[in-house]
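Engineer: Got a structure for you, written out below as structure tokens; questions coming shortly.
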Amino acid sequence: MLESSLEFFRCVRCGSKLELDVFKLDREIEEGLLECKKCNLIFPILQKIPILWDDFSDYLSNHKVLSGILYKSITSESLRKFVKYSLSKTDKFNNDSTITEKRWSLIYQNSRCSKFYSHIKNNLDFITHSNFVLEHGCSIGIMTSWLSDSHQMVFGIDRSFDALLYAKKSYKHNLDYAVADSLSDVFGKFQFDLILALNVLELIEPTLFLKQTSAQITSGYLVITDPYDFDRGVSSVKTSFDEFTLRTNLEYAGFKILPKTSKPSFIPWNLKVNPRATLNYKVDLVIGKK
């Protein structure tokens, strides 16, 4: 975590500023704790990544394998005690997301040269500079890394620790990440000039997500892509969108759809699942402006 990110991160429960205790520091904070003095929540920084989760024990309960890996990697005694205490508060381990998240991290790594990303970059060329940029569901940081070359400060948030661990391999002074829920107030009431959300609507309740992102932009752009693949069984979101309901809801949230994305598009997005299988999506791109 960059020391400068302390200015932006907020308590996800009450929105208060956080206090920082650093245990291991190189170019950035490798181990430490972020604490909210108002509601006494503590958020760990592990392997350079802050985990801004409302209930850290709950996060660990869904990441059994990851919990063990993280605990073994800790060098500072204070941080080790905190993680051990958090592990003791987990009533039971639920379905472990560690293997699934690691698998998808590898899929994105193997697919990072997909022409899909080139297409999105070409469509964002007109936004030459923004002060503050946020990507929801940034995964391994393909777009955040690219955006940081031309924008002042870029953040990426994702639920997957493993994906962000890969993203953090590339250090940039104006680029940082956090494990967080996109529906939580990671940045409090801070406003962004540009927000990206690429292919995440099946994973985050769309209506709530648009409300959240709308509140994060007073004047700027929201870029959304999606294949509208909402059939996820028990993991499906309650409300599904199509090309038309997405645009309608964006306009209702106060965004004006840019003419070049007013009509549905079918951008190829190919994901290399393994040497014998590839997922071929046709993705829609929508850019809204306030």
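Here, each number is a calculation from the coordinates, and none is a lab measurement. Small disclaimer: the values here were computed from a predicted structure and weren't measured. Reconstructed Cβ throughout: ideal geometry from the backbone, glycine too, with neighbour counts over all protein chains shown.
Engineer: Determine how many Å³ per residue the convex hull of the Cα atoms of the chain encloses. Could the numbers behind the result be given before it?
Structural biologist: On the way: hull volume 38.0 nm³, N = 290.
Convex hull volume per residue, Cα atoms: 131 Å³.
Engineer: Once each part is reduced to its C-alpha centroid, what is the distance from segment 102-154 to segment 28-101 in angstrom?
Structural biologist: For segment 102-154 versus segment 28-101, the Cα centre distance is 27 Å.
Engineer: Quick one: in segment 1-117, what % of C-alpha pairs are over 23 Å apart?
Structural biologist: 38
Engineer: To continue, here is another question. Starting with the fewest neighbours, write out His119, His129, His151 ranked by other beta-carbon atoms found within 10 Å of each beta-carbon. Working shown, then result.
Structural biologist: Working: His119 17, His129 9, His151 20.
Ranking His119, His129, His151 by Cβ neighbours within 10 Å, fewest first, gives His129, His119, His151.
Engineer: Which order do Trp53, Trp104 fall in if you start with the one that has the fewest other Cβ atoms within 10 Å?
Structural biologist: Numbers: Trp53 22, Trp104 18.
Result, fewest neighbours first: Trp104, Trp53.
Engineer: Turning to a different aspect of this structure: Take every DSSP beta bridge with both residues inside the chain and express the antiparallel ones as a percent of the total, to the nearest 5. Can you show the working numbers first?
Structural biologist: Numbers: 29 of 49 bridges.
Bridges in the chain are about 60 percent antiparallel.
Engineer: Output ³J(HN,Hα) for segment 192-201: one whole-Hz value per residue in order, computed from phi by the Karplus curve 6.51 cos²θ - 1.76 cosθ + 1.60 with θ = phi - 60°, and x for Gly and Pro.
Structural biologist: 10, 8, 8, 10, 10, 8, 9, 6, 10, 5
Engineer: Determine the shape class of segment 109-251: with a ≥ b ≥ c the square roots of the Cα gyration tensor eigenvalues, call it rounded for a/c under 1.5, and otherwise prolate if a/b is greater than b/c, oblate otherwise. Walk me through the numbers before you get to the answer.
Structural biologist: Working: a/c = 1.40, a/b = 1.26, b/c = 1.12.
Taking the square roots of the gyration eigenvalues as a ≥ b ≥ c, segment 109-251 is rounded.
Engineer: Classify segment 34-74 as rounded, prolate or oblate from the Cα gyration tensor: take a ≥ b ≥ c as the square roots of its eigenvalues, call it rounded if a/c is under 1.5, otherwise prolate when a/b beats b/c and oblate if not. Don't skip to the end; give the middle numbers.
Structural biologist: Details: a/c = 2.81, a/b = 1.57, b/c = 1.79.
Because a/c hits 1.5 or more and a/b fails to exceed b/c, segment 34-74 counts as oblate.
Engineer: On to the next question. Taking the beta-carbon count within 10 Å as an exposure proxy, list Asp229, Asp26, Asp176 from fewest neighbours to most. Before the final figure, lay out the partial values.
Structural biologist: Working: Asp229 13, Asp26 8, Asp176 27.
With the fewest neighbours first, Asp229, Asp26, Asp176 line up as Asp26, Asp229, Asp176.
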